[in-house]
Amino acid sequence: MSPRTSMGCLSIPPVRGVLSVLFLLILGAVPFGDGDKGVGFRIAVTLVVLMLGTIIWASTLTGFHREVREPRRLGEAVIVANRPRGVAIVVSWIALALTVSGLVAVGIFASLDAPGWVLAPVMLTVLIALPTATALPRLSRLYADGAGVVAVSPSGLMITQGHDEIRHPVPWEQIGVVRQAPYAAAFLGRPADGLGAGVRWRPGAQQAVTRWAAEGFAPTAAEVRALRLEAHWSPDPNALAPSRSRRWLNIASLAWALVACILLLIGILAVIAQGSDSWWVGLLLVWAPILGIAILAPRLVRVLRTDEARSATITAQGWFDILHGQGLVPWANIERIEVLDRHTVVITWPDVPPFRDQDLGNRLNRRLEITSIGSHGAIPSAGPLFREVGPHNLPYLPETRAFELAAEAEKVGGVDVRRSPTFFEQQARRSGAGPRS
């Protein structure tokens with residue numbers, strides 16, 4: 001089974017659920033089972049179960065979080081008013097915690113041959129908590145959506161009534177005078193006829209919609225963060241700041257993968273050192289964890305050391321790249337800088353020495369794409385922070401805020417800077433005259 005097929009299986013909720021339950025039971029049973037095995041063996045097996053189980057548990061938790069997450073999406077719009085389901089969400093999280101702890105406890109008690117009066121209540125807890133954590137988030141979501149929702153986008157308000165999929169867009173300039181009320185139906189008036197009486201605004205949404213109806217849709221950075229809007233909807237560059245949670249999740253993912261490769265390398269070397277009959281298999285496989293360590297270790301160091309707000313600096317000598325580790329790029333080597341909707345690309349002349357991508361994974365990825373035959377699509381790259389460097393291109397995503405350096409580069413280095421309208425500017429032009437005063 002290929003890795004792609006394996007990940008495809010994990011995308012099926014029943015498969016994820018069964019594997020998650022199985023690995024939780026194994027996690028509880030392994031440390032206390034097989035009494036003849038030594039402590040070292042039990043620790044090693046437990047670590048293997050943890051490393052493999054983490055992938056499955058993370059995938060399952062992602063699906064669970066998608067069901068309980070607020071606010072939700074309505075196509076390209078973001079929901080800002082819906083029927084609250086706080087109690088259901090709290091109960092769902094409690095049920096999930098009881099399921100996890102209960103399954104681990106069942107594994108422990110079963111391996112210790114605990115009496116039935118000890119095992120029975122734990123099993124009963126799991127049998128109640130597991131279906132609750134599985135079904136309640138979706139059922140509560142269906143119940144909440146039955147009252148309708150209100151979502152926002154640059155084009156206006158998107159309103160659904162009940163489970164009706166027909167959306168009624170209300171352009172911002174047509175909303176008119178609004179009334180202050182905690183419920184969306186009373187607040188919006190006629191455009192929201194048929195919206196359930198229990199549909200309430202999310203914190204900060206009522207004030208934001210009031211301002212957008214009067215001034216035009218131009219979310220501030222605070223509104224983007226509070227309502228979890230798309231950062232490029234805001235004219236404020238501060239809205240692009242990446243969240244700390246995303247940064248730490250990236251660090252945790254890289255650290256987990258690096259530890260997995262290190263443990264795999266140690267295990268293979270231990271098999272080779274023992275001189276067993278299958279030691280030659282270890283020699284054939286030892287390259288995989290070594291390659292993984294060579295790719296992941298620099299990436300982890302780079303994430304820890306790189307502050308995305310300092311993706312590059314401007315000096316009298318040239319553009320100094322920090323994000324990609326290219327160092328000083330003299331002004332004479334730069335043909336132009338392109339800024340497209342805050343995506344920035346520094347382009348050098350064809351006759352200057354090409355850039356070398358410092359990320360080994362990106363280089364292998366590119367080589368594999370070049371040599372592969374019959375590929376139906378691009379091979380996934382290493383992620384936003386490790387966006388591939390072209391021979392004469394240095395790319396920077398909007399959150400690096402490299403676009404703010406373009407004007408200074410034009411002034412200090414005399415570089416040709418080509419700009420395209422931002423998303424917000426394009427929306428303002430389509431609407432006619434931008435925000436109303």
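The values are calculated or read from the model by the stated rules, or taken from the named source; none is laboratory data. For clarity, every value in this text was computed on a predicted model and none was experimentally measured. All Cβ positions, glycine included, derive from the backbone under ideal geometry; neighbour counts span all protein chains shown. Note: accessible area is taken over every heavy atom of the protein model, side chains too, but ligands, DNA and RNA are not part of it. Shrake-Rupley method; radii C 1.70, N 1.55, O 1.52, S 1.80 Å.
Annotation: of all residues in region 101-112 being open to solvent by less than 60 Å² (accessible area, probe 1.4 Å) and among the aliphatic types (A, V, I, L, M), the one that is nearest to residue 31 (Cα to Cα) is 108. Of everything listed in (1) modelled with pLDDT under 75; (2) assigned to a helix (DSSP H, G or I); (3) crowded, with 16+ Cβ neighbours inside 10 Å, the single unmet condition for residue 41 is (3).
Considering 172, 233, which residue is of a type in the set (Phe, Trp, Tyr) and either under 21 Å from residue 342 (Cβ atoms) or at pLDDT 85 or above (or both)?
On the way: 172 fails: either under 21 Å from residue 342 (Cβ atoms) or at pLDDT 85 or above (or both).
So the residue among 172, 233 that is of a type in the set (Phe, Trp, Tyr) and either under 21 Å from residue 342 (Cβ atoms) or at pLDDT 85 or above (or both) is 233.
How many residues, within region 293-304, are loosely packed, with under 15 Cβ neighbours inside 10 Å and within 24 Å of residue 231 (Cβ to Cβ)? Number of matching residues: 1. Pairs meeting the criteria (first residue in region 246-274 and at pLDDT below 80, second residue of a type in the set (Phe, Trp, Tyr), beta carbons under 9 Å, at least 6 apart or on different chains) are 271/279; 272/279; 272/280; 273/279.
Checking each residue in region 202-255 for being within 14 Å of residue 157 (Cα to Cα), in contact with a Pro (Cβ under 6 Å, 6 or more places away or on another chain) and among the aromatic types (Phe, Trp, Tyr) picks out only 217. Residue 31 fulfils the conditions (1) modelled with pLDDT under 80; (2) touching a Gly at 6+ places or on another chain (Cβ under 8 Å) except for a single criterion, (2). When residue 88 is tested against (1) open to solvent by 50 Å² or more (accessible area, probe 1.4 Å); (2) within 30 Å of residue 159 (Cα to Cα), exactly one condition is not met: (1). The number of residues in region 388-407 being aliphatic (A, V, I, L, M) and either assigned to a loop (DSSP other than H, G, I, E, B) or at pLDDT below 85 (or both) comes to 2.
Restricting to region 126-139, count the residues that are among the polar types (S, T, N, Q) and open to solvent by less than 60 Å² (accessible area, probe 1.4 Å).
To start, the set of residues in region 126-139 that are among the polar types (S, T, N, Q) comprises 132, 134.
Imposing the further condition that a residue be open to solvent by less than 60 Å² (accessible area, probe 1.4 Å) reduces the set to 132.
Here the count works out to 1.
Within region 218-230, residues that are without any contact (Cβ under 8 Å) to a residue 60 or more places away in the chain and of a type in the set (D, E, K, R) have Cβ atoms under 6 Å from residues that are open to solvent by less than 20 Å² (accessible area, probe 1.4 Å) and assigned to a helix (DSSP H, G or I) in these pairs: 223/208, counting only partners at least 6 apart in sequence or on another chain. Scanning region 408-422 turns up one or more residues that are modelled with pLDDT of 60 or more and under 17 Å from residue 236 (Cβ atoms). Within region 312-355, the set of residues being assigned to a strand (DSSP E or B), surrounded by fewer than 15 Cβ atoms within 10 Å (Cβ to Cβ) and either hydroxyl-bearing (Ser, Thr, Tyr) or within 26 Å of the chain's Cα centre (by Cα) (or both) comprises 313, 340. Among the residues of region 224-250, how many are open to solvent by less than 30 Å² (accessible area, probe 1.4 Å), part of a helix (DSSP H, G or I) and within 27 Å of residue 83 (Cβ to Cβ)? Going through region 224-250 one residue at a time, the tally reaches 3.
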